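A.B. asks: So that we are looking at the same thing, I have put the structure below in structure tokens.
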């Protein structure tokens, strides 16, 4: 992929959409492309996570477990950001990421994001606001799920 197409792809990723063109260019220039064959594993559940990946082309499936206990969690298509939290903190991979077809991913290193946040504090504030908004929405959704589960469990409790 060309630098211009990498910049266009990164600009469509919600986490990076508020960055200015110079900042997106820095990310694109520093990103490393990796091509995966069908059934090639990008990372395994439990691995140390030091970067995030953007699917440039192809498809990645996230799963947990092995063999018959294997459960598909998500399918990531072009434009998907995988491992977002690893861009900010040291963590472990919660799932295994496997290519289901010929796939190109862009790797964004945590050290680069840290450098960018240090050099552009206003970017850190915007990212913090975006992540806070998403976390708040997630907590709200979990509250609704809890209420629905409580309604399901109440009739059983009365038996």
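A.B. asks: Is it the case, given these coordinates, that residue 46 is within 20 Å of residue 23 (Cβ to Cβ) and in contact (Cβ under 8 Å) with a residue 12 or more places away in the chain?
C.D. replies: Values: within 20 Å of residue 23 (Cβ to Cβ): no; in contact (Cβ under 8 Å) with a residue 12 or more places away in the chain: yes.
When the stated conditions are applied, residue 46 does not pass them.
A.B. asks: Of 51, 63, which residue is at pLDDT 95 or above, over 27 Å from residue 116 (Cβ atoms) and surrounded by 15 or more Cβ atoms within 10 Å (Cβ to Cβ)?
C.D. replies: 63
A.B. asks: Please go through segment 90-112 and pick out each residue that is without any contact (Cβ under 8 Å) to a residue 60 or more places away in the chain and under 18 Å from residue 63 (Cα atoms).
C.D. replies: Those that are without any contact (Cβ under 8 Å) to a residue 60 or more places away in the chain and under 18 Å from residue 63 (Cα atoms): 91, 92, 93, 94, 95, 96, 97, 98.
A.B. asks: Tell me, yes or no, whether segment 16-30 has at least one residue that is surrounded by 15 or more Cβ atoms within 10 Å (Cβ to Cβ), in contact with a strand residue (DSSP E or B) (Cβ under 7 Å, 6 or more places away or on another chain), within 16 Å of residue 84 (Cα to Cα) and outside the structural domain of residue 109 (by TED's automatic domain parsing).
C.D. replies: yes
A.B. asks: Of the conditions (1) modelled with pLDDT under 85; (2) part of a helix (DSSP H, G or I), residue 159 clears all except one; give me its number.
C.D. replies: Single failed check for residue 159: (2).
A.B. asks: How many residues are under 18 Å from residue 9 (Cβ atoms) and assigned to a strand (DSSP E or B) if we restrict to segment 98-121?
C.D. replies: 8
The values are calculated or read from the model by the stated rules, or taken from the named source; none is laboratory data. Nothing here was measured: the structure is a model prediction, and the numbers come from that model. Cβ sites come from the backbone with ideal geometry, for glycine too, and all protein chains shown count toward neighbours.
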